[in-house]
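Colleague: Okay, handing you the structure first.
The values are calculated or read from the model by the stated rules, or taken from the named source; none is laboratory data. What you are looking at is a predicted structure, and each value in this text was computed from that prediction instead of being measured. Heads up, the Cβs are rebuilt from the backbone with ideal geometry, glycines too, and the neighbour counts pull from every protein chain shown. Each accessible area value is taken on the protein alone, full model and side chains, heavy atoms only, with ligands, DNA and RNA left out. Shrake-Rupley method; radii C 1.70, N 1.55, O 1.52, S 1.80 Å.
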Amino acid sequence: MNRILFTDAHFYHLGSYYQALLCEDGIVRELYETQPDPGSDCKIVSLDGCWVYPGFTDTHTHSFEGGLYSNGLDLSGVSSIADLLDMVQQHCRSRSGEELIFAWRFDELKTKEGRFPTRAELDRVSPHNPLVLRRIDGHSCMLNRRALREIPLMNPASEILRGADNDQAVHHFHVNVPEEQILQAYHSAAEIALKGGFSSIHTMIGDAQYSNTHYKLIRDSLSRFKVRYSIYPQSFNLDEAISLGASRIGGCILADGSFGSHTAALTEPYIGTDALGTLYQSAGFWESFVSKAHERDLQVGVHCIGDRAIAQINQAYQKALYKCPKDLRHQLIHCELVSDELMESIALSGAAAVMQPAFDQYWGAKGGFYETALGESRWHQLNRFKSLSDSGVRLCFGSDWYITELDVVRGIHAAINHHNPDERISIDKAIDAYTQNAAWLSHEEDAKGSLALGKVADMTVLSGKLTEGFQMTDIEVLKVYKSGELQYAKY
Ligand SMILES: [Zn+2]
Ligand SMILES: [Zn+2]
């Protein structure tokens with residue numbers, strides 16, 4: 001038997017800290033309130049006074065895109081069009097002639113011109129490499145002339161592609177990645193997740209209308225990754241999900257779009273417009289899809305951001321549950337804009353709120369993006385961690401990476417420092433959303449999610465204690481263990 005005594009640290013369990021942890025064959029066997037006497041057959045690992053938490057789980061990522069794009073061009077720091085063009089030009093020069101370039105996390109609102117580049121500008125700096133430039137929310141993109149040549153079906157008239165055009169363009173370039181590069185993308189994503197403090201991540205595979213081409217490949221490779229992946233066939237194809245052996249279906253299959261593209265579906269218009277956003281499917285469509293999935297014991301996850309979309313999906317969940325009570329834990333993914341009335345219905349449907357604390361950090365400031373798009377009164381109804389949690393809705397946190405960073409310290413900091421003080425949650429609740437609740441979401445609460453005896457010894461070692469007043473810069477992720485085995489060490 002492989003016995004390891006982890007000592008000289010603070011081990012978090014249900015709000016308390018212990019002094020040592022005994023791991024046997026990858027399983028937590030004992031927690032100690034004082035330093036124990038190790039047996040002679042025991043390997044000892046000192047953790048130098050650090051703070052040890054159950055391995056964190058990010059419950060919503062797009063790891064393929066994130067992994068693939070980690071080798072691409074990150075435009076999140078761009079503040080002007082000149083800046084952008086310069087970066088694209090330099091990046092293209094560092095790549096071979098024909099290599100496809102993914103540029104991502106572009107936010108035109110952060111440029112001083114407040115616009116996308118023109119295609120002619122992109123062509124000037126990337127004449128030879130096909131280039132896909134994606135907006136930060138993933139809901140719109142641009143192609144240069146060279147990339148357009150590869151998708152003859154596209155209508156080249158509109159320079160900024162949205163909706164179906166956006167999906168089609170991105171899909172085209174993703175499916176043309178060879179198998180080895182697909183696996184490499186997931187390995188790169190796993191490395192990035194470990195650095196961000198995660199031992200597990202949920203990841204969406206495939207892109208809704210089109211295919212589950214990567215699902216089988218990843219399903220058959222799960223044991224090769226350094227993190228535990230929970231995989232979602234991101235499609236509407238129930239038969240295929242069942243035949244792939246999936247226990248869930250969906251992910252960012254879209255009930256609506258995003259606030260940034262004015263496609264998130266609202267009950268009241270966007271400020272200064274009469275636009276209500278877009279419901280991508282009818283209520284009947286979702287009710288039929290959810291009830292069939294529910295009948296076949298598949299957990300469902302759907303992307304819903306605006307209140308009108310959340311209500312639509314929640315109602316489909318509620319109807320399925322009333323028709324046939326089952327503990328499937330369907331997911332309202334993002335769940336950003338919620339009125340008090342809608343919150344009550346969510347509590348009744350038994351759905352989990354799979355939310356992204358960093359969204360508030362980036363967009364929730366007074367006078368920031370959310371308030372500008374939605375106005376003062378709706379600013380109070382965004383990312384309602386505290387209210388949802390108090391209503392009995394299970395909160396599960398993630399990053400929607402590549403949209404925001406895979407970074408548990410950032411996520412917890414954002415959740416306890418919400419811009420709206422009424423929606424701040426306690427440090428223990430924030431930790432739960434990344435640990436116990438995340439394990440519950442994947443029906444693995446008996447196996448992981450805390451350092452309880454009998455669960456796997458997945459652990460994240462931090463340099464500092466997660467407390468109400470911590471600063472992001474004060475805490476580093478130092479190590480991550482999976483089943484008691486070291487997967488990542490910063491130093
Ligand atoms: Zn997503
Ligand atoms: Zn989404």
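Colleague: Those residues that are farther than 25 Å from I231 by Cα and within 16 Å of ligand 1 (Cβ to nearest atom), I need them from segment 296-322; list them, please.
Modeller: Hit for segment 296-322 is G306, nothing else.
Colleague: Scanning segment 170-184 for residues that are touching a helix residue (DSSP H, G or I) at 6+ places or on another chain (Cβ under 8 Å) and free of Cβ contacts under 8 Å to residues at least 60 places away in the same chain, which turns out least open to solvent (accessible area, probe 1.4 Å)? Steps first, please.
Modeller: In the first step, residues of segment 170-184 are kept if they are touching a helix residue (DSSP H, G or I) at 6+ places or on another chain (Cβ under 8 Å); the result is 173-174, 177, 179, 181-184.
Now narrow it down to the ones that are free of Cβ contacts under 8 Å to residues at least 60 places away in the same chain: 179, 183.
On the way: E179: 119, L183: 11 Å².
The extreme case among them is L183.
Colleague: Please list, ordered by first then second residue, the pairs with beta carbon atoms under 8 Å, 6 or more apart or interchain, first in segment 361-383 and of a type in the set (S, T, Y), second in a loop (DSSP other than H, G, I, E, B) and open to solvent by 60 Å² or more (accessible area, probe 1.4 Å).
Modeller: T372/I271
Colleague: For T267, work out the one condition from (1) over 24 Å from V393 (Cα atoms); (2) open to solvent by 70 Å² or more (accessible area, probe 1.4 Å) it doesn't fulfil.
Modeller: Failing condition for T267: (1).
Colleague: Continuing with the same structure: Among the candidates G163, G138, which residue alone is open to solvent by less than 30 Å² (accessible area, probe 1.4 Å), within 16 Å of ligand 2 (Cβ to nearest atom) and outside the structural domain of M459 (by TED's automatic domain parsing)?
Modeller: Values: G163 fails: open to solvent by less than 30 Å² (accessible area, probe 1.4 Å).
Matching residue, one of G163, G138: G138.
Colleague: Here's something else I'd like to know. So which residues in segment 235-254 are hydroxyl-bearing (S, T, Y) and either away from ligand 2 (no atom under 15 Å from the Cβ) or open to solvent by 10 Å² or more (accessible area, probe 1.4 Å) (or both)?
Modeller: In the first step, residues of segment 235-254 are kept if they are hydroxyl-bearing (S, T, Y); the result is 235, 243, 247.
Those that are hydroxyl-bearing (S, T, Y) and either away from ligand 2 (no atom under 15 Å from the Cβ) or open to solvent by 10 Å² or more (accessible area, probe 1.4 Å) (or both): S243, S247.
Colleague: Sticking with this one: Being on the phi < 0 side of the Ramachandran plot, out of contact with any Lys or Arg (no Cβ under 7 Å at 6 or more places or on another chain) and within 16 Å of ligand 2 (Cβ to nearest atom) narrows it down to one of S399, S377, so name that one. Talk me through it step by step, then tell me what you get.
Modeller: Numbers: S377 fails: within 16 Å of ligand 2 (Cβ to nearest atom).
That would be S399, the only listed residue that is on the phi < 0 side of the Ramachandran plot, out of contact with any Lys or Arg (no Cβ under 7 Å at 6 or more places or on another chain) and within 16 Å of ligand 2 (Cβ to nearest atom).
Colleague: Somewhere in segment 324-336, is a residue closer than 30 Å to I412 by Cα, in contact with a His (Cβ under 8 Å, 6 or more places away or on another chain) and among the hydrophobic types (A, V, I, L, M, F, W, C)?
Modeller: Yes, there is a match, as at least one residue in segment 324-336 is closer than 30 Å to I412 by Cα, in contact with a His (Cβ under 8 Å, 6 or more places away or on another chain) and among the hydrophobic types (A, V, I, L, M, F, W, C).
Colleague: From the residues in segment 37-61 that are part of a loop (DSSP other than H, G, I, E, B) and either over 28 Å from the mean Cα position of the chain (by Cα) or surrounded by fewer than 24 Cβ atoms within 10 Å (Cβ to Cβ) (or both), which one is nearest to ligand 2 (Cβ to nearest atom)? Working first, answer last.
Modeller: As a first pass, look at segment 37-61 and keep what is part of a loop (DSSP other than H, G, I, E, B): 37-42, 55.
From what is left, the residues that are either over 28 Å from the mean Cα position of the chain (by Cα) or surrounded by fewer than 24 Cβ atoms within 10 Å (Cβ to Cβ) (or both) are 37-42.
Values: D37: 51, P38: 47, G39: 50, S40: 53, D41: 49, C42: 46 Å.
Looking at the filtered set, the residue picked out is C42.
Colleague: While we're here: Can you give me the number of residues within segment 408-457 that are open to solvent by less than 20 Å² (accessible area, probe 1.4 Å) and of a type in the set (F, W, Y)?
Modeller: 1
Colleague: F64 fails exactly one of the following numbered conditions: (1) within 16 Å of ligand 2 (Cβ to nearest atom); (2) in a strand (DSSP E or B). What is the number of that condition?
Modeller: (2) is the only condition that F64 fails.
Colleague: While we're here: Which residue, of A157, A189, is open to solvent by less than 30 Å² (accessible area, probe 1.4 Å) and either over 23 Å from the mean Cα position of the chain (by Cα) or within 16 Å of ligand 1 (Cβ to nearest atom) (or both)?
Modeller: That would be A189, the only listed residue that is open to solvent by less than 30 Å² (accessible area, probe 1.4 Å) and either over 23 Å from the mean Cα position of the chain (by Cα) or within 16 Å of ligand 1 (Cβ to nearest atom) (or both).
Colleague: Here is a follow-up. Please specify each residue of segment 222-234 satisfying the condition of being out of contact with any Gly (no Cβ under 7 Å at 6 or more places or on another chain) and either surrounded by 15 or more Cβ atoms within 10 Å (Cβ to Cβ) or modelled with pLDDT under 95 (or both). Don't jump to the end; show me each part of the working.
Modeller: As a first pass, look at segment 222-234 and keep what is out of contact with any Gly (no Cβ under 7 Å at 6 or more places or on another chain): 222-231.
Hits for segment 222-234 are F225, K226, V227, R228, Y229, S230, I231.
Colleague: Of the residues that sit in segment 360-401 and are among the aromatic types (F, W, Y) and closer than 25 Å to N314 by Cα, which one is farthest from the chain's Cα centre (by Cα)?
Modeller: Here is the first cut: in segment 360-401, the ones among the aromatic types (F, W, Y) are 362-363, 369-370, 379, 385, 397, 401.
Okay, now just the ones that are also closer than 25 Å to N314 by Cα, so 363, 370, 379, 385, 397, 401.
Working: W363: 16, Y370: 19, W379: 22, F385: 16, F397: 8, W401: 5 Å.
That would be W379.
Colleague: Quick one: which strands (runs of 3 or more DSSP E) lie wholly within segment 183-266 and hold at least 3 residues that are in the same structural domain as L337 (by TED's automatic domain parsing)?
Modeller: Numbers: elements: 198-208, 228-235, 248-254.
Because the criterion is at least 3 residues that are in the same structural domain as L337 (by TED's automatic domain parsing), the strands (runs of 3 or more DSSP E) in segment 183-266 that meet it are 248-254.
Colleague: Something else now. Going by the structure shown, is Q471 open to solvent by 60 Å² or more (accessible area, probe 1.4 Å) and in contact with a helix residue (DSSP H, G or I) (Cβ under 9 Å, 6 or more places away or on another chain)? Spell out the reasoning first.
Modeller: Working: open to solvent by 60 Å² or more (accessible area, probe 1.4 Å): yes; in contact with a helix residue (DSSP H, G or I) (Cβ under 9 Å, 6 or more places away or on another chain): yes.
Taking the combined requirement at face value, the residue satisfies it.
Colleague: Considering only residues of segment 238-295 that are closer than 24 Å to E371 by Cα, polar (S, T, N, Q) and under 23 Å from the mean Cα position of the chain (by Cα), which is farthest from ligand 1 (Cβ to nearest atom)?
Modeller: Only one residue tops the list, namely T278.
Colleague: Check R93, R105 and return the single one that is touching a Ser or Thr at 6+ places or on another chain (Cβ under 6 Å) and not polar (S, T, N, Q). Even if it seems obvious, please write down each step before you answer.
Modeller: Values: R93 fails: touching a Ser or Thr at 6+ places or on another chain (Cβ under 6 Å).
The conditions single out R105.
Colleague: Still on this model: Among the numbered criteria (1) touching a Leu at 6+ places or on another chain (Cβ under 7 Å); (2) surrounded by fewer than 24 Cβ atoms within 10 Å (Cβ to Cβ); (3) in contact (Cβ under 8 Å) with a residue 60 or more places away in the chain, which one does S389 miss?
Modeller: Evaluating S389 over (1) touching a Leu at 6+ places or on another chain (Cβ under 7 Å); (2) surrounded by fewer than 24 Cβ atoms within 10 Å (Cβ to Cβ); (3) in contact (Cβ under 8 Å) with a residue 60 or more places away in the chain leaves (3) as the failure.
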